[in-house]
Amino acid sequence: MKPGRLLDASRLAGLRRRLDKLLAHAPEHGLVSITLDLGESASAGDDWLPGEICREDTLYWAQPDNGGDYRLALGRAVAVTSAGAGRFTALQAAFNGLLPVWQHDGGGESGEGAGVAAAAHIGFAFEDDTQDELPNARLCVPAILLRGRGGRSTATFSCTVRDGKNAIANWLETLRAAAAPGPARRPDTPVRQATPLNDRAFLARAQAALNDIGAGKILKVVLTRRVRFGAGQNIPIAPLLAALAQRHPQCTIYGVGQPGSAFVGATPERLVSLDKGVVCADALAGTAWLNAVSGPAKAGSLTLQGDKNSHEQQLVVDAVRTALAPLCASLDPPQTPEIMRLRELQHLRTRIAGRLRDDVDLFDLLAHLHPTPAVGGTPTAAARQWLDTHGERRGAWYTGGIGWIDRRGDGEVVVPLRCAEIRGAQADLFAGAGIVAGSDPAQELAETEVKLGTIADALRHAARTGERLRSGPGKTGTA
């Protein structure tokens, strides 16, 4: 069901009645949400692809292999932004302040009909002092949240009480805008701009990191690269999201829109999830690839077996367990790493789980876990200082976090990896690699090339299939 066709006359009348009932009893400074059960949908992930994502406060989210979970957040009912060392505390305070005045009519006796709780989305940058088109940290209750999971679809409409009078008209306008078609012409294939100087700079930084690791100043640091692609016309985002979902269904596909720009990617890494008091985190590190690398940095196949990958993985496991231990009433015994197999890459992954203390919430988890050694380095303070000294700056929310928290306090946040920041006809692609004792700078450069290939390949695929995807969205589905 397309966004523009959600509210027929019957649904619209029912929505009006339920909104009027909520507003009659809600506090003046309150927030209200109403969920409609849209019934079965064979292809909710396709339906939620927006015609144009480069609009304010738009977020697309897909986990094809996780029960077929697809979401599209449109507009804002409430949004809070923050920055600085206390950014998670500020978002936590804002969320806790909303809860007592946030009423949800879910259509069932419990108020959460269709098994869906009203939710807000979260996003934040790697550093706490950076900002571009996206704010450094944001909590946003969307005006409309469309969700498809397991072939069933819902729509949750939210507004503040003071905006209740105009809510229906605003929701209808938001749906119409989301249904607007994308570019009419077939997109050009983006072309990579040569970056030999940047490649040499990455190799030099990697060697500098190895020197400081050898001197005992740090144990690990994650270095990143930015590579620019350009096209002859604006890059359409919906075909790119569809291509990522088709090619990387094990990952979380995300697209964050702002006027004139989009932050898009497919990540294999979950930072943390919380469900009824059970916390789960991924320790993801160590990388191997199966085929020779194409592009400026060529290297043969690698294997996950070896001291370097095992050492890198253990650093992340130890750090995550250390961060979680004081927040948990109990922590499960250490698990053996498993191999996570993706389209081009393999990683070592260890699942870490525990039972959270009653006085701890998702924002506490974010504050203690971010950044893990998988994206920053270790020891954390020394690695962050090293990155700052060497001019490391990461665009948008790359290696920060994107996710959700619902009214019950449950939620999930992933680490935005394998991504691009797109402005019109230009795409800046991001990738990184961890430097530890035993790293080879040339191999680390080659690793970033394979990771960059995730989004670069999807850009090329989206250009080839863009015309078909505009006339009717293709199957969606990670990296």
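Structure summary
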quantity: Lone unmet requirement of (1) over 27 Å from the mean Cα position of the chain (by Cα); (2) over 25 Å from E269 (Cα atoms) for I235; calculated: (1)
quantity: Some residue of region 236-254 being out of contact with any Cys (no Cβ under 8 Å at 6 or more places or on another chain), over 24 Å from A125 (Cα atoms) and among the small types (G, A, S); calculated: yes
quantity: Conditions (1) at pLDDT 90 or above; (2) surrounded by 14 or more Cβ atoms within 10 Å (Cβ to Cβ); (3) among the aliphatic types (A, V, I, L, M): number failed by A179; calculated: (1)
quantity: Residue, modelled with the lowest pLDDT, within region 459-479, restricted to residues that are within 24 Å of the chain's Cα centre (by Cα), more than 20 Å from T224 (Cα to Cα) and of a type in the set (G, A, S); calculated: G477
quantity: Of all residues making up region 357-403, the number that are in contact with an Asp or Glu (Cβ under 6 Å, 6 or more places away or on another chain) and not in a loop (DSSP other than H, G, I, E, B); calculated: 1
quantity: Hits in region 195-237 - residues which are under 18 Å from D388 (Cα atoms) and of a type in the set (V, I, T); calculated: I213, I218, V221, V222, T224
quantity: Pair list, Cβ under 6 Å, 6 or more apart: region 246-259 residue over 18 Å from N66 (Cα atoms), other residue among the polar types (S, T, N, Q); calculated: G257/T58
quantity: Residues of region 40-78 classified as in a strand (DSSP E or B) and modelled with pLDDT under 85, total; calculated: 1
quantity: Flag for E447 being buried (at least 23 other Cβ atoms within 10 Å of the Cβ) and in contact with a Phe, Trp or Tyr (Cβ under 7 Å, 6 or more places away or on another chain); calculated: no
quantity: Odd one out for I435 among (1) modelled with pLDDT under 95; (2) part of a strand (DSSP E or B); calculated: (1)
quantity: Residue satisfying condition, being more than 26 Å from F126 (Cα to Cα), surrounded by 21 or more Cβ atoms within 10 Å (Cβ to Cβ) and not aromatic (F, W, Y), within set L172, L223, L146; calculated: L146
quantity: Matching residues, region 156-165, being under 19 Å from I122 (Cα atoms) and among the small types (G, A, S); calculated: S158
quantity: Answer from R321, R349 - the residue that is assigned to a strand (DSSP E or B) and at pLDDT 75 or above; calculated: R349
quantity: Check on A420, more than 18 Å from R87 (Cβ to Cβ), small (G, A, S), part of a strand (DSSP E or B) and not assigned by TED's automatic domain parsing to the domain that holds E133; calculated: yes
quantity: Failed criterion for R162 (all others in (1) within 30 Å of T89 (Cβ to Cβ); (2) loosely packed, with under 15 Cβ neighbours inside 10 Å; (3) touching a Leu at 6+ places or on another chain (Cβ under 9 Å) hold); calculated: (3)
quantity: Checking P259 against (1) touching a Cys at 6+ places or on another chain (Cβ under 9 Å); (2) closer than 30 Å to R408 by Cα, the condition it does not meet; calculated: (2)
quantity: Test: residue in region 16-39 that is at pLDDT below 90, touching a helix residue (DSSP H, G or I) at 6+ places or on another chain (Cβ under 9 Å) and among the aliphatic types (A, V, I, L, M); calculated: yes
quantity: The one condition in (1) more than 30 Å from Y60 (Cβ to Cβ); (2) surrounded by fewer than 19 Cβ atoms within 10 Å (Cβ to Cβ) that R228 fails to fulfil; calculated: (1)
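The values are calculated or read from the model by the stated rules, or taken from the named source; none is laboratory data. These numbers come from a predicted model, not from an experiment. All Cβ positions, even for glycine, are placed from backbone atoms using ideal geometry, and neighbour counts span all protein chains on display.
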